[in-house]
Each structure stands twice: as structure tokens, then as C-alpha cells.
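Chemist: Submitted below is the structure of interest, expressed as C-alpha cells.
The values are calculated or read from the model by the stated rules, or taken from the named source; none is laboratory data. Keep in mind it's a predicted model, so treat the numbers as computed, not measured. Neighbour counts run over all protein chains shown; Cβ positions are idealised from the backbone, glycine included. For the accessible areas, the whole protein counts, side chains as well, though only heavy atoms, and no ligand, DNA or RNA atoms are used. Shrake-Rupley method; radii C 1.70, N 1.55, O 1.52, S 1.80 Å.
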2 protein chains.
Amino acid sequence: MNWYLQNGKDSDVVISSRVRLARNLDKIPFKTRASKEDMQKVLNKIEEITPSLGYGLKFLKLKDIDDITKLTLIEKHVISPDFAIDKEEIGAILINEEENICIMINEEDHLRLQVFSSGMDLENLKNLIVEIDEKIDGLLDYAFSEQYGYLTACPTNVGTGMRASVMVHLPALTLTGNITKVLNVVNGFGMNIRGIYGEGTQSQGDIYQISNNQSLGITENEIIKNLKTITEKVIEQERLARKYLAKNQIELEDRVYRAYGTLAFSKKLTSEECRNLMSIIKLGTDLGIIKELNDSKVSKINLYTQVGNLQKYLGKNLDAYERDIKRSEVIKQIISE
Amino acid sequence: MNWYLQNGKDSDVVISSRVRLARNLDKIPFKTRASKEDMQKVLNKIEEITPSLGYGLKFLKLKDIDDITKLTLIEKHVISPDFAIDKEEIGAILINEEENICIMINEEDHLRLQVFSSGMDLENLKNLIVEIDEKIDGLLDYAFSEQYGYLTACPTNVGTGMRASVMVHLPALTLTGNITKVLNVVNGFGMNIRGIYGEGTQSQGDIYQISNNQSLGITENEIIKNLKTITEKVIEQERLARKYLAKNQIELEDRVYRAYGTLAFSKKLTSEECRNLMSIIKLGTDLGIIKELNDSKVSKINLYTQVGNLQKYLGKNLDAYERDIKRSEVIKQIISE
């Protein structure tokens, strides 16, 4: 099963974990200064080693992927939005069936190794990505400096080239009004935390990404350990806030079930409204309040109601109004499965 | 079955019909100038004739009716709120099992004969009330003037003493913004139309009462005929507005089903919110959109979610917060019946 439809450790708060490594090939200019030929050279080298690399990885040029499929990959956070545009037609990905490994080629760096998992799973991800990294290192030469470590297009990634992140769902901290305090504390500990949808502090769907903001002068293990420590604090705060909300059981049930009633019975739904309803509903399933849905259905609804994934799921292009109607139909279908 | 749980003619728009006659006994002062003894005399005379009157009518003193039951009678529009207060303990009612006949004694007039029916049923009601009136007239002497007709405490009721009214549900005229125009037209035709809940033109639950404002210089038959004509026009306008709304089927279904989702899944509901949801939901059942409810369940929900009837139904006194919770429980129960 694809990782994003699974349910991992601490999945009441942690939706997913991700680790990525920024790598560049030796003796080829960084993308910022590279010619189209240089980029083509990178593509060729990676395509060449793909069979030796294993992991069921397939080499796919972005220009050969249709727009809706690209959008589904962006929505799964497997590729970045800027990368998907690929005006120069030099982008490619190495991706496996489960989509828990995705290497972006010619994104900001020549290679962006990425591994994903549902729930809280940073150490396994680190082990996996180190393993993949060593395998590539045995097949190609990386740009590496004894003094700085791995060299990258942007100086903020120099060193380990590692960024580890978790996506956390913080509805109770939002409802109790404590979210800003928590965001400030996390930012103060050398981590970044930001809403992944919408503007400002209030994230649509109450989903936030926590990631390290330091990659130099720190080991891979320290990055993982620090992120884990901070995330555990956030999980604890969110769970405390949920306990607090659960003290007024009727208020909470009312809020949760009203959202469910709208989700289950509306005949059209924008993706924004859907996200906001699903945030409260997931809180409800995580607290055992909503009996009509389980974790698997929640994951499916969260995935297949997104603009790209909805169209991919239904196998056709739809305008915004049609999507709003079909979104409601797909939700009803998943609920009644 | 009680009339208010039935479904009559044109019940997609007309909730109920009512006809009342204001009558006073000869040689006893009107209530405004009467002593407590005078009022007692009225009570005694009516109690005395009750067995001869028939119709299964029972004589009940207001002071012997508990407050919650009184409230249920007000909510069914069977007695008036002012009458229920009965500080001087001189009020009584004659009421039958079906509650489609209720004679208020010592309200504004000595007798207020009232008959009720669901749906549009003015002519039958007129025939019934005339029959009851003639029967009482054979047993007691009414205050009557050859010149003015029946004499009443308030001059606006002199003559026939008749007020006929219908309660109409006008959600589509409200949604399309045409309600004010219709209210103005009806008022211009010698009729009163007013929202029965809430303030101003926007009636909670979109329910309006249309009634004649003239009782002198007009026959009973004319009153009924005029009200019927005007009501038919209003029905026609409301149905046209519904057809207009139904042109955008998805918008209408979405609106209706969102209301249903909230009604069916909320864990607490104020009577005001309930009334507003039920207005849209009844529109949905009347247009055949909502399959989860039928007319009988709609009538039951409308009745048993009202403050007094809810407590009567559950057989206990509840504060406002408890009522909001129990209201949701009763709704779920009726839906799943």
C-alpha cells in the first residue's frame, strides 16, 4: 500500500515523516550556473545507474508525466511545485511503486533524495536514505568538500544536505488558542514550523510542518534526534489540548459531528472547506468519537479530495465547479465502502 | 391522530388552517369591565353545558393544567400566550382528544371558539365552527345586536366575530428575496400577514400567518372566500419560487442536505437553529429531495423539538442547556423510527 494511505506511529498527531538529502554530482556545475547540456548530462548519468540502484525505482522524465499526475505528486508532497513546472524540460524523478522513495533530479540540486513514511518514523527513514545515498555514492561521484561536507546549490543546505521534517495535525492547539505559543517555542529551538496550506499562522486543515533549519556543523543523527525531541513535545502539547477539549465532551462531539454531517451530506464542497472539515473529523476519529469513519477512510478522503488526486481518481479533467460536486460524491462513496 | 401531526391539502405550503369565533354571553359584562364573580359565572355556565355540547369536549381549568402542558398548548397555537398566564385563575378551555377543537373561556372574550386543521381546510373548518356555534347558541344566550352582529370586547372583532387564518411556509420566497413583495401585496388586500417567530420581516422558520383583518360588514362566507383566494395566490408564488430554485438542482440539494446533515448529526441544537434547519429540510421533503425523512417525521420533529413539547414528550423538566442536548437526541430517535 502507498505510504500515505497507511497509519504509522503517533498518527493521531503525526501525519507523516520525511527525510531528504541534497546532493550534486562532482565536476558538473550547480543548476544555477549550469547549461542545458550540463543538466542533460545529469539526467543521463542517473538514468544509466537506475537499474543498478534497485528499490524498484523507475526513471521518469517530468515532461512525460501528464499535468494531473504531476499535481497528484505535489499534493502527496512527493515533488515540489516549482520543480513540477520544468520549463526547460530537464527534470526527472526516480520513484518506486509505493512512492515512499522519490529522488528529484535537477530540482535546486542535481539530486534530491527523499524518503517518506506515515506517522512518526524518522530513524527508519534516516537509515533508509543513508543506505540509498551510499548506494548512489558507489555508482557516481558526489560534489564533496572535506571542510564543508556535501556541497549544494544553496548554502543553507551545505554540510549534511539533510532536511528532516514531520507533518503534524494540531487541531486542539488551534481550538484552544495555544497554537501561536507552540509555534514560537518550536521556532526558538532551531526548528522551522509553518502551516502547509493557507496564509499566516492559521493553517487550513491545522496541518503544520516541522523541520530542522540547520544542516552544517551538526550530524545526521543529531538532526533526527533534535527533530524527534521537539516533535514529541508538540505531540504532548497537542494531546494535552485534546484532553482539555474532551472535558466538555458534548461540545466536542457536537463540533465533530456537525463537521461530519456537512461532510457526509453536502452535495458540493470546495477543497478548502473539505480540508477544514476533515481536520475536525480526524480529531474526532483520533479521539474515538466518530464511529462512522476509520483511519483508512480518513486517509483516503484526505487524499482523493485534493484537486489533482480527485481528477486522477475519477480519470477525467474537471473544472472547479464540477470538482466541488464530484468531491462530495467521492466522499459519500468512501464513507459507504 | 392529533391534527398537527397530520398532513392536509396543499401541505407543501399550508401548514395549518384555523377559524375562530369571538362570543360573549348576554347580560354578563365583557371581561374588561367584569368582576371576578362575573367571570366565575361564565365558567360555571360553560362547565354546565359541556356534557350537552358533545364533540368529546372536556372542561379544564387553566389553574389545573401544569406549566409545561400549558406551554405545549401555546406551541401548538391552541391557546394564546397571554391567556395561559391566568393570574386571576378564571381561565378554562374546552378541548377534545384530537385537539382540533379548543374553546378558550375568559380569554379576551367570554368564549373564543377555535377549530384547527392541518393543510388548507378553511371551508370544512367554517362548517364545523358554525355547527358548534349554533349548538352553544341553543344552550346559552349570546350578546348580539341586530345592528352590529355579535358584540365583542374589542371593536375589531364585532360583527361576525370571525377570524380565519392559515399558517404558510414560505422558504423559497425568502431564499429568492421575494418575501417582502408578497407580504406587501397580501397586506394590501385587507389581510394581515406576519411572521410567527422572531422579529421583523424575516420570520424564523419562514412561517407566516395570513388572516382577515375585517369582521364587520362582511359575511362569514366572504371572509373564508377572500382568505382562500389570497392564500392560493401566495401558494402559487411560493411554488413558482420553488420551481425557480429547483432549476439549480445541485445548489438546492446542497443547501437542503447540509441542513439535514447538521440536524441529524449535531449533539445539541437550540430551538431557533432547529426551526431554521427544519424550514429548509421541509422544503427538501416537499420537493422530494430528502429521502431520509417523510412528512410524518417532519411534523413530529417540528412538534417535539419545541421547548414545552420536548419536555412533555420526555416527561421531565429540563434547563435550556439540557434541552439543547435532548432536542438532538429526540431528533435522532424520530429519524431512525
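Chemist: Can you name the number of the only condition in (1) free of Cβ contacts under 8 Å to residues at least 24 places away in the same chain; (2) within 15 Å of residue B:305 (Cα to Cα); (3) hydroxyl-bearing (Ser, Thr, Tyr) that residue B:271 fails?
Modeler: The single condition residue B:271 does not satisfy is (1).
Chemist: If you don't mind, another one. Looking for whichever is under 30 Å from residue A:234 (Cα atoms), in the same structural domain as residue A:18 (by TED's automatic domain parsing), in contact (Cβ under 8 Å) with a residue 12 or more places away in the chain and open to solvent by 70 Å² or more (accessible area, probe 1.4 Å) here; the options are A:99, A:123. Which one fits?
Modeler: A:123
Chemist: Can I ask one more? Test of understanding: among B:79, B:74, which residue is within 14 Å of the chain's Cα centre (by Cα), in a helix (DSSP H, G or I) and of a type in the set (Val, Ile, Thr)?
Modeler: Being within 14 Å of the chain's Cα centre (by Cα), in a helix (DSSP H, G or I) and of a type in the set (Val, Ile, Thr) holds for just one of B:79, B:74, which is B:74.
Chemist: Mind checking whether some residue in the range A:291-304 is surrounded by fewer than 23 Cβ atoms within 10 Å (Cβ to Cβ), over 23 Å from the mean Cα position of the chain (by Cα), within 14 Å of another protein chain (Cβ to nearest Cβ) and free of Cβ contacts under 8 Å to residues at least 40 places away in the same chain?
Modeler: Looking for residues that are surrounded by fewer than 23 Cβ atoms within 10 Å (Cβ to Cβ), over 23 Å from the mean Cα position of the chain (by Cα), within 14 Å of another protein chain (Cβ to nearest Cβ) and free of Cβ contacts under 8 Å to residues at least 40 places away in the same chain, one finds at least one in the range A:291-304, hence yes.
Chemist: Residue A:79 - would you say it is farther than 22 Å from residue A:196 by Cα and buried (at least 21 other Cβ atoms within 10 Å of the Cβ)?
Modeler: no
Chemist: Looking at the range A:61-71, can you tell me whether even one residue there is in contact with a Leu (Cβ under 8 Å, 6 or more places away or on another chain), of a type outside the set (A, V, I, L, M), part of a helix (DSSP H, G or I) and over 18 Å from residue A:114 (Cβ atoms)?
Modeler: No, there is no match, as no residue in the range A:61-71 is in contact with a Leu (Cβ under 8 Å, 6 or more places away or on another chain), of a type outside the set (A, V, I, L, M), part of a helix (DSSP H, G or I) and over 18 Å from residue A:114 (Cβ atoms).
Chemist: Okay, moving on. For the subset of the range B:126-155 comprising residues that are touching a strand residue (DSSP E or B) at 6+ places or on another chain (Cβ under 9 Å) and more than 30 Å from residue B:37 (Cα to Cα), which member is surrounded by the most Cβ atoms within 10 Å (Cβ to Cβ)?
Modeler: Filtering first and then ranking leaves B:126.
Chemist: Quick one: which residue in A:317, A:302, A:309 is part of a loop (DSSP other than H, G, I, E, B) and either farther than 27 Å from residue B:281 by Cα or not assigned by TED's automatic domain parsing to the domain that holds residue A:72 (or both)?
Modeler: A:317
Chemist: When the residues of the range B:306-327 are filtered to those that are open to solvent by less than 10 Å² (accessible area, probe 1.4 Å) and not small (Gly, Ala, Ser), which remaining residue is nearest to residue B:195 (Cα to Cα)?
Modeler: Ranking the qualifying residues of the range B:306-327, first place goes to B:309.
Chemist: Restricting the search to the range A:328-337, which residues are more than 14 Å from every other protein chain (Cβ to nearest Cβ) and open to solvent by less than 30 Å² (accessible area, probe 1.4 Å)?
Modeler: A:330, A:334
Chemist: Could you check, for the range A:306-322, whether at least one of its residues is within 25 Å of residue A:76 (Cβ to Cβ) and within 12 Å of chain B (Cβ to nearest Cβ)?
Modeler: yes
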